Every structure is written in structure tokens, then in C-alpha cells.
Amino acid sequence: MLLFGHRFIASDSFYHISSIDCIKHTPPSSTVCLEFNEANLDIIEHVNANYVPLALRVANITELIYASNLNAKYAFVTPKMAKTAQNIAENYLFDMKIIVLIEEEEEIEELALLGVDGVAFANAIIKTNS
């Protein structure tokens, strides 16, 4: 299980962006993160064209499937979606990892038992400005 933002484990961070210009303010080889929505398709296209690793926050299973087809490396899901999202990712052999956004360490065990790929605490996502 991958752990992002845990106080015991060193990990890469995700850089939340709101525009293409924000990418300039992220470290080289960093993974950018944004909400999946139609308004962000230009950003998604740009990061794919420039081989920038991408994490997408998805709200439902349809968006999860879109994220996989848009070459996201990670899909951030809610704990409520975790098991279903992981099952779909395994069934369709997605290359992306299912990451559950959590607030408390106690959530790790339950999500590990569900077989999710990983978890991320809020401090693993850094907000960037343009």
C-alpha cells in the first residue's frame, strides 16, 4: 500500500494546479493534481503532451474511467468509493493507482483490508499559484 503525506514515511508530493501556467511553479518531474471536469480538459491535454505525471480527483465511477483513459497515473477517490474503484481498476487492468484521500491514520487499516492501492493525507497535496 502506498502512503502519501504520512508523518513516518517520506513520499512524493502532489501539486494541485488550476491552470497550465501553474505547472511552471512545480518542481521537475512532479505529479500535478487537479479535479476532473470538462473545464480542465485543456490542462489535462497539456500535461499529457508534455509527459507530466497526472493525478485526477474523481467524484464517480464514470470519471474514474475517464481518468484512466486520460492517462492519469493516480485517481484520488473518497473512502466511500474506494472498494468499487479498486475493483474496477483491477477488472480493467488500469495502469493508474487508486488513492483514497484520508484524514486519520485509523483509516489505513480498513482501506488496506479493502485492497486499495494507497492513501494520501491532505498535506501530500501542495497548492500552487500561477
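Each reported figure results from applying straightforward, stated rules to the coordinates on display, with no laboratory input. For clarity, every value in this text was computed on a predicted model and none was experimentally measured. Cβ: placed from backbone, ideal geometry, glycine included. Neighbour counts: every protein chain shown.
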In sequence order, calculated HN-Hα J values of the stretch 22-36 (Karplus, 6.51, -1.76, 1.60; Hz; x Gly/Pro)
4, 4, 4, 9, 10, x, x, 6, 7, 8, 8, 10, 7, 6, 6
Measuring from label point to label point, each 7 Å out along Cα→Cβ, what is the Glu105 to Asn50 span in nm?
3.8 nm
Taking only C-alpha pairs under 8 Å that are 6+ residues apart, what is the relative contact order of the stretch 2-127 in percent?
27 percent
Modelled label-to-label distance, Phe8 and Ala122, 7 Å Cα→beta-carbon offset: nm?
2.3 nm
When the dipole is taken about the Cα centre of the stretch 2-127, and only Lys, Arg (+1) and Asp, Glu (-1) are charged at their Cβ, what size is it in debye, to the nearest 20?
260 debye
Nonlocal Lys pairs with alpha-carbon distance under 24 Å, the chain (8 or more apart, or different chains):
8
Based on the Cα gyration tensor of the chain, what are the three equivalent ellipsoid semi-axes, each the root of five times an eigenvalue, rounded to whole Å and given largest first?
23, 18, 11
Considering the options Ile102, Ala122, Ala10, tell which one lies farthest towards the positive end of the dipole of the stretch 2-127, charges being +1 on Lys and Arg and -1 on Asp and Glu at the Cβ, about the Cα centre.
Ala10
By Cβ neighbour count within 10 Å, fewest first, Ser18, Ser13 rank Ser18, Ser13
What's the local net charge at Gly5, with K and R +1, D and E -1, over the other residues with C-beta under 13 Å away?
-4
Please list, ordered by chain and number, the residues whose modelled amide H lies under 5 Å from the amide H of His16; skip anything fewer than 5 residues away on the same chain.
Cys33, Ile126, Lys127, Thr128
Going by Cα centres, the stretch 80-130 and the stretch 21-35 are how many Å apart?
20 Å
Using a Förster distance of 22 angstrom, determine the FRET efficiency expected from the C-beta separation of Glu90 and Glu35, and round it to 0.05.
0.35
For Val100, list long-range residues whose amide hydrogen, built 1.01 Å from N in the peptide plane, is under 5 Å from its own amide hydrogen.
Val77, Gly118, Val119, Ala120
